[in-house]
Amino acid sequence: MVVLSIGSLIMIIPFLWMVLTSFDWQARLNIPFPPRFWPEEFSLKTYKLAFTNIPMFKYILNSLIVSVGVIVVSLGSALLSGYAISKLKFKGATIVLVLALSTMMIPFEMTMIPQYLLFDWLELLDSYWAFYLPALNFAFGTFLAKSFIDQLPSTLREAAIIDGANEFQVFVKVYLPLCVPILATMTILQFLAVWNDLLWPLLALQTPDKFTIQLGLAMFSYNKTLPLPSVIMAATTVSLLPVIITYLFLQRYIVESIALSGIKQ
């Protein structure tokens, strides 16, 4: 417990320093050294400057469009494939799962150039399709969905089929409502990954009006005419709010995804 508390403190100190520095008007030109945790001149002007100099609402909206689209595509693909591998018991199901998981061993840095050339050939660069289509392969989500659905009784499927339901109806009406906890877990994982991604948006997007929040902040921080550290801290703090809100809203489902068996007592 003591070790976990110390670890948590070490992790949260940089975050607290960033938030408090974002309110420090005196830090607008240079980060104070040695670092101070309490602002010398507490002010909201840094946030006003952040929204004045950076189209924050546009970038956040773009990131939400990308994140929601990727989440819908990846979770739909993962749940359908996880259900098929878990309950349909077709030949080669294990091989399919192993092949899917093997793609996780290949780092993105090895595939980003071929992926870039592919989307350039398809003329899909500088569009959000460059994010949605790769989301069809969510191997870790398939593994999570398969592991969770394995815990749900197959008798539910058998009873639904006897009542005349087809396979898709069994999935949507019987198993999907029971998968809410694992859906929440995968949503958090994907939202964090997509929201914080910088490398692929940097390659795929060229139009500033389509920039995601991380790419927009990166472009702002490299702008030598606006060296405003506390303003960058303020913008970064704002960019974290959707992630924090999503996590706080869905975190209770994570424990349920581990404990829930699908059988109500």
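The values are calculated or read from the model by the stated rules, or taken from the named source; none is laboratory data. Remember, it's a predicted structure, so these values are computed and weren't measured experimentally. Neighbour counts run over all protein chains shown; Cβ positions are idealised from the backbone, glycine included. Note: accessible area is taken over every heavy atom of the protein model, side chains too, but ligands, DNA and RNA are not part of it. Shrake-Rupley method; radii C 1.70, N 1.55, O 1.52, S 1.80 Å.
Side notes on the structure shown:
- Simple spin-label estimate for Gln206 and Thr103 in nanometres, 7 Å along Cα-Cβ: 2.7
- Per-residue [θ]222 nm for the chain (sum of -39500 (n - 2.57) over DSSP H runs n ≥ 4, rounded to 500): -20000 deg cm²/dmol
- All Cα-Cα distances of the chain, cut into 5 Å bins from zero to the largest, leave 1, 5, 10, 12, 14, 13, 12, 11, 8, 6, 3, 2, 1, 0, 0 percent in each bin in turn.
- Protection-proxy order for peptides 244-250, 9-15, each taking the mean of Cβ atoms within 10 Å per residue, highest first: 244-250, 9-15
- Protein accessible area in the chain, 1.4 Å probe - carbon and sulfur %: 72
- Residues Ile245 and Ser43, FRET efficiency given R0 of 25 Å [Cβ-Cβ distance, rounded to 0.05]: 0.50
- For the chain, the longest principal axis of the alpha carbon atoms and the long axis of helix 108-121 meet at an angle near 80°.
- Inter-label distance, nm, simple model (7 Å from Cα along the C-beta direction), Met110/Leu9: 4.2
- Working note: Cα gyration tensor of the range 7-145, eigenvalues times five, square-rooted, sorted largest first, giving semi-axes of 43, 21, 15 Å.
- Leu79 sits among other residues whose Cβ lies under 13 Å from its own Cβ, and their net charge, with Lys and Arg +1 and Asp and Glu -1, is +2.
- Based on protein heavy atoms only, the range 52-262 ends up with 53 Å² per residue of surface accessible to a 1.4 Å probe.
- Peptides 204-216, 137-149, 188-200 ordered by packing proxy, namely the average of other Cβ atoms within 10 Å per residue, highest first: 137-149, 204-216, 188-200.
- Peptides 122-131, 91-100, 75-84 ordered by average Cβ neighbours within 10 Å, highest first: 75-84, 122-131, 91-100
- Val172, Val66, ranked by accessible area, largest first (probe 1.4 Å): Val172, Val66
- Only alpha carbons enter this Debye calculation for the range 84-127, each as an equal point scatterer, and the log10 of I(q)/I(0) it gives at q = 0.31 Å⁻¹ is -1.01.
- Beyond 28 Å in Cα-Cα separation lie the following of the pairs Lys58/Lys173; Lys58/Lys146; Lys173/Lys210; Lys146/Lys173: Lys58/Lys173; Lys58/Lys146; Lys173/Lys210.
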